[in-house]
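Step one of this worksheet: look at the structure below.
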Amino acid sequence: MRVSNIFSPLFVKQEKLFVNIRDFKKEDANGIVELIRKNYADTYYRKGFYDANMWIKAYNEKRLIPIIAEYQGKIVGQFSLILNDKYNAEIGIAVVHPDFKGRGIMNQMFDYLIKKAKSIKLYAIYGEAIMFHPFSQKANLSHSMVETALHFGEVAHWISQKEFKFEKRSGVLISYLLFKKEKRNYYLPEIYKKIMLERIKKLKITVTKTKIKRIKPKLELKVKKILKIAIIRADSRVKNFEKKFNFIFSKAKIKADMIYLDINLHSHYVEKIVEFASKKGFFYSGILFYRYDGMDYLRLQFENRHKIEEKLNVCYSKYCKKLTKFILKDKKRVNKLN
């Protein structure tokens, strides 16, 4: 999880200010660091973003594409594409100078960011709207993004804006904007088929029965130590799947508060993996598009700690509320299996 689409809930909307939105230059790095300090002081958990050289290095390595908002020669905003691979990128690390908030600068950067993503031929972008408040959710929807997943507990309790402090881990709402809508061959698990098809149709993706190439078996674990998040990726079924899954699941439970399971939707083993994961306590989260190597994934989630916020996450849309209700119902279902 990268902090993305963060908007202060305490600013007063003012007359729109038109600014110069442009591509990043290496000499902008210090100005971006200053923006982060203006917004977060020294509380931002990713300390590397306080280093101007990091921004230049990440840009040179094509891991980060920052967009700059400039007014009268001064940097007043920044918004980035965080590249995962050649297929997709997250939008995030959004900051506006406190003196310029509520003037429409974020939306101007957002529009430019979408154009930039198209120009470099990305297949999709997605946003992780932290659910402290509805502002980032609203911004994503206003830019035609489609909500597809809700991750409980992705945000550690100590990650907050200055105005808020939390005791529990908060959630994020995932929204996608697809630029390339290829025909997809999915093996949708029956128990989640209806809610998944609703989102697939909303994104205007055509589901075909045409066979695709065999998915190479893979089962791997990635742990984000600072955030105490673990992600298990399951592509098809490796040999001795249950034994190997139990091993890495045990490792994940030692190291993480929240554990997510990403299941390749192009594998004909999806149904069996979901059934197995349900018995382990994994419940629904949503769909992630072009997540790895240009393929789409069903994400399930497992709460490894009790201090996970479920009911007080702020929802802006009706779908967010509907999805929350569905997820909580599914959690009850899997709990009965254990």
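The values are calculated or read from the model by the stated rules, or taken from the named source; none is laboratory data. What you see is a predicted model, and the numbers here were worked out from it, not measured in a lab. Glycine gets a Cβ as well: all are built from the backbone with ideal geometry, and neighbour counts include every protein chain shown. Areas reflect the complete protein model, heavy atoms only, side chains present, ligands, DNA and RNA absent. Shrake-Rupley method; radii C 1.70, N 1.55, O 1.52, S 1.80 Å.
What to note about this one:
- Proximal lysines to residue 243, defined as alpha-carbon separation beneath 16 angstrom and excluding residues fewer than eight positions away on the same chain: 218, 251, 253, 272, 279, 280
- Rolling a 1.4 angstrom probe over the protein heavy atoms with all chains in place gives the chain an accessible area of 49 Å² per residue.
- Among the listed pairs 26/74; 181/201; 86/201, those beyond 18 Å (Cα-Cα): 86/201
- Distance in nm between pseudo-label sites at residue 317 and residue 107 (7 Å out along the Cβ direction from Cα): 1.8
- Helix 270-280 axis, angle to the chain major axis (alpha carbon atoms, nearest 10°): 90
- Overall Cα dimensions of region 280-335 - principal axes, largest extent first, Å: 34, 31, 20
- Against the chain, whose longest principal axis comes from its Cα atoms, helix 105-119 is set at around 60 degrees.
- Note on region 290-338: lysine pairs with Cα distance below 19 Å, sequence gap of 8 or more or different chains, count 17.
- For the chain, the relative contact order is 15 percent, taking Cα pairs closer than 8 Å that sit 6 or more residues apart in sequence and dividing their mean separation by the residue count.
- Local electrostatic count, residue 143, Cβ distance below 14 Å [Lys/Arg +1, Asp/Glu -1]: +2
- Pairwise Cα separations in the chain fall into 10 Å bins from 0 onward with the following percentages, short to long: 5, 25, 34, 24, 10, 2, 0.
- Hull volume in cubic angstrom per residue (convex hull over the Cα atoms of region 72-140): 101
- Helix 318-337 axis, angle to the chain major axis (alpha carbon atoms, nearest 10°): 40
- Computed label-point distance, nm, for sites residue 42 and residue 224 using a 7 Å Cα→Cβ extension: 2.5
- Semi-axis lengths, largest first, of the ellipsoid equivalent to region 50-169 are 22, 19, 16 Å, with √(5λ) applied to each eigenvalue of the Cα gyration tensor.
- Set of aspartates and glutamates near residue 183 by C-alpha distance (under 14 Å), chain-local residues within fewer than 8 positions excluded: 296
- The portion of the accessible surface of region 64-135 made up by carbon and sulfur, rounded to a whole percent, is 50 (1.4 Å probe; DNA, RNA and ligands excluded).
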